[in-house]
Structure formats: C-alpha cells, structure tokens
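Student: The structure is given below, and queries will be raised subsequently.
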Amino acid sequence: MGRPGAAPVMRMTGRLVQLVAGLFLYGFTMAMILESTLGLDPWDVLHEGLTHHVGLTFGQVVIAVGAVVLLLWVPLRQVPGIGTVLNVIVVGLAADVGIAVIARPDELWLRIALLVGGVVGNGFAGALYIGAALGSGPRDGLWLGLVRRTGRSVRLWRTVVEVTVVVLGFALGGTVGVGTVVYALTIGPLVQLFLRWTQFGPRP
C-alpha cells in the first residue's frame, strides 16, 4: 500500500503541472494571435495599445496590467489563489517567448493559420488552467468580484469590462479586427469543450 497522504500530494502536483503548462500555453498562443496581425482578444487589444506608449514589451505590459487588476480585487474582497499569482507572472513571460520565436508571416494564409491555431490553443490552455482549480486569473476575477458585490449578471459585468478594455485599447492603438470577433465568438465554446478532459475541481 502507498504511504498515507501520497495520493493527495500526487494529485496536487498534477494540478500544479497542469496549471503552469496551461498558463505558459495561454501566453504563447496570445503571441500567435498577436503575430497574425488579424485582431486580438479584448484584453490584448489593451495590452498592445499600451506598448505604444510605455517602454515595456508586450509580455511586461501583460504582467503589469495583471498586477494592477489584482489590486482592484481588494475592494471587491476577492481572494487570490496560487493560480492567480502565477497567472500574473507566467502568461506575460510566455507571451514574450512566443513573440521572440514566432516570425510574423506576410502570406495571408499563414496569418490565418496562426490566428486559428492561436485561438484553438488558447481555448485549450484556458481549460487547462481553469481545470486545475487553483484560482482564477486576475482579469476573470475582476468581473467575478463585480458580480458578487453587485448581484448583477455575469453577462452584464463581463460585457462591460471587455467592451471597456477593447475601446480603451483601440484608442491607444491596439489591433481590432476579424480575429477579435473570431475570438469572442469561439473562445467560450472551445474552453467548455476542452474542460471535459482537464477538470480537476467542480465544473465552473
């Protein structure tokens, strides 16, 4: 027989590995979508827009924005988990790795392939880190906290938050395009699909 407590330790180790792998893949696929130049998801429109005005890389902006958003959790009384803290750090680092190794193609079909691969991969990555059930990302926690504090719907607050960041990001020079629409329409169903195989905790 195995030692008492070995199974829970192995289970937690598996969740941590899944979390870190998911976060790294999430950042890398963000870079794929960015390098397609066909449009970004709402938060990345803001991140890219900010890179035009501050002396930071895209990944560094992702980390900085994540840290600022995490501070907004305090008045909302949201409690971060280890996944929340790692999200702030790992996603931005992985995004910069992806930008460094992915060559921006000129051919449209390659840009479309980057976009599609990035969106599908991003959905799988999201399911990995959500399925680990070790804490929501700082950006998701923001609208979850607003829902909890106000009693209004998830649909309302997620829409308000994401419309706000995409408008602000576009005003700062972030890329809005067909990729933005594709991401918005497909990311939810993709994450739900992949969660069938990645779920550790209760299904969100």
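The values are calculated or read from the model by the stated rules, or taken from the named source; none is laboratory data. Keep in mind that this is a model prediction, so the values were computed, not measured. Backbone-built Cβ (ideal geometry, glycine too); neighbour counts: all protein chains shown. Calculation scope for accessible area: heavy atoms of the full protein, side chains included, ligands and nucleic acids excluded. Shrake-Rupley method; radii C 1.70, N 1.55, O 1.52, S 1.80 Å.
Student: Out of the residues in the stretch 1-37 that are surrounded by fewer than 21 Cβ atoms within 10 Å (Cβ to Cβ) and over 25 Å from Q199 (Cα atoms), state the one that is modelled with the lowest pLDDT.
Tutor: M1
Student: Report the residue count in the stretch 145-162 for those that are in contact (Cβ under 8 Å) with a residue 60 or more places away in the chain and surrounded by 19 or more Cβ atoms within 10 Å (Cβ to Cβ).
Tutor: 2
Student: Among the numbered conditions (1) open to solvent by 20 Å² or more (accessible area, probe 1.4 Å); (2) in a helix (DSSP H, G or I), tell me where G49 comes up short.
Tutor: Every condition holds for G49 apart from (1).
Student: Identify, from the list G135, G141, G179, the residue that is within 15 Å of D44 (Cβ to Cβ) and touching a helix residue (DSSP H, G or I) at 6+ places or on another chain (Cβ under 8 Å).
Tutor: G179
Student: Can I ask one more? Determine which member of the set L71, L110, L86 is surrounded by fewer than 17 Cβ atoms within 10 Å (Cβ to Cβ) and farther than 28 Å from A171 by Cβ.
Tutor: Working: L71 fails: farther than 28 Å from A171 by Cβ; L86 fails: surrounded by fewer than 17 Cβ atoms within 10 Å (Cβ to Cβ).
When all the criteria are applied, what remains is L110.
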